[in-house]
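Written below as C-alpha cells is the structure these notes are about.
Please treat every number below as a calculation from the coordinates, not as lab data. Here the structure is a predicted model, which means the values were calculated and not measured. Because the Cβ atoms are built from the backbone with ideal geometry, glycine has one as well, and the counts that use them run over all protein chains shown.
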Amino acid sequence: MFKKSDENPQLGIFSSPTEYFRDSKKKEYLKNDSWHNRFRNHVVMRVDESIFRPLYSNGTGAPNASIRILVGMMILKEGQGWSDAQLFENCAYNLLVRSALGLMSLEDAEPVSSTYYLFRRNLVDYAREHGEDLFKKCQGQITRDQLLEFEVSGKQVRMDSKLVGSNIAWYSRYELIHETLRLFINEREEHIFNKSLSKEMFSLIESIQGETGNKVVYRSTKAEVDARFVELGKLMYRFIGLFKKHDYGHYQTLKAVFEQQYSVGRDKTVVPLEKEKVSAKSIQSPHDTDCHYRDKDGNKVKGY
C-alpha cells in the first residue's frame, strides 16, 4: 500500500542526537550549511514520492517504507562510491548520514536491506515493462525545483540525472552475467580446468564458483563492479571460443547473453553495451531463458 512519508515527524526528548552534543559540536551539527542538512533539505525533502505510486498496490496492506529515504540512500551510495555493505553501515551508525536522510531520532529505523533491494528491483521492472524511468523522473523534478530556487540557468549549466538510474540496472546485469557463467562453469568444470587459461582467469573462475552475484554486489563499490563486469565479459568471450565445437547445455545461453550484453571490437576488445542498447527482449535469467517482461492487455506479465 502506498503511503507518503510524514512531513513533520515528532522527536523524542531523549532520542535526538543534539541532546548529547555540546557547544561547538552541537553548533556544527545544527548549522544549515553543514552537508548533511543541505542534502536533507535540498535533495531528500524535495523528493515527490507520488512519482513512485505505480510501484505499489492501491488496496489495503502494510504501507511502504519511506520512499524519500530510499531515494536518498541510493543517491548517497553512488555519490560516495560505497558498496551496499558500507551504505547500510553508515545508515545505521553514522549520525551525519542519518541526519542527511531525515532519520533525526536515534530511535528512527532505517529501511532494511531487503526493502532497499526490492525498491531498486521494482524500479528496474517498471522501466522494462513501461519504458519509463521513475528514478530519472524524480531526479528531474528535484533538479527543476533547485533551478527555480537558486535561479540557475539551464542554458549555462548541464545537469545529468541518468547516472544513478543507470547503475540500478547495471547491478542487475552483473548478477545475470555472474549467474550465467556460474552455471556454465559448473556444467563444464572438468573440461575447463584442462584448458589453456591464464592464472587470473582461473582465479576468477574459482571466485565465481565460491560466491553468488548478489553477494559480490553487496560488498563491492561501483568501480569494483564496473571492472569485474568487464572481466566477466572477457571470460565469457574466451569460453565461447574454446567450446564452440561443443555447443550443448548452457553454451547457447552463455553465447546469447554475451551477445546481448557485450560488443567486440576489431582488436578483440570486449566492451559492455550501454543500457539503452540492451533489448527488453534479452534474457532475464539463465535459469529461464524464455522469461520476459510484457504488458499484455493492460496486465503486467513476467514469465512465460
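Of note:
- For the stretch 42-49, Karplus couplings with θ = phi - 60° (6.51, -1.76, 1.60), whole Hz, Gly/Pro x: 9, 10, 4, 6, 8, 5, 8, 5
- ³J(HN,Hα), Karplus 6.51/-1.76/1.60, whole Hz, each residue of the stretch 113-119, x for Gly, Pro: 4, 5, 5, 4, 5, 5, 4
- Most fluctuating residue given options 118, 183, 96, as computed from a GNM of the chain linking Cα atoms under 10 Å: 118
- In plain terms, the residue of 271, 47, 278 with the fewest other Cβ atoms within 10 Å comes first and the most crowded comes last, giving 271, 278, 47.
- For the stretch 226-232, putting each phi into the Karplus relation 6.51 cos²θ - 1.76 cosθ + 1.60 with θ = phi - 60° gives couplings of 4, 5, 5, 4, 5, 4, 5 Hz, in residue order, rounded to whole numbers and with x for Gly and Pro.
- Remark: spin-label model distance residue 198-residue 282 equals 2.4 nm, labels positioned 7 Å along the Cα→Cβ axis.
- Between 0 and 90 degrees, the angle of helix 163-192 with respect to the longest Cα principal axis of the chain falls at about 30 degrees.
- Among 172, 203, 113, 99, a tally of other beta-carbon atoms within 10 Å of each Cβ gives an order, fewest to most, of 203, 113, 172, 99.
- Residues whose amide H comes within less than 5 Å of that of residue 262, counting only those at least five positions distant or on another chain, are 273 (H built at 1.01 Å from N in the peptide plane).
- Within the listed set 236, 73, 201, the residue fluctuating most in the Gaussian network model of the chain (springs between alpha-carbon atoms under 10 angstrom) is 201.
- Cut-off 9 Å between beta-carbons: net charge of the residues surrounding residue 249, Lys and Arg +1, Asp and Glu -1: -1
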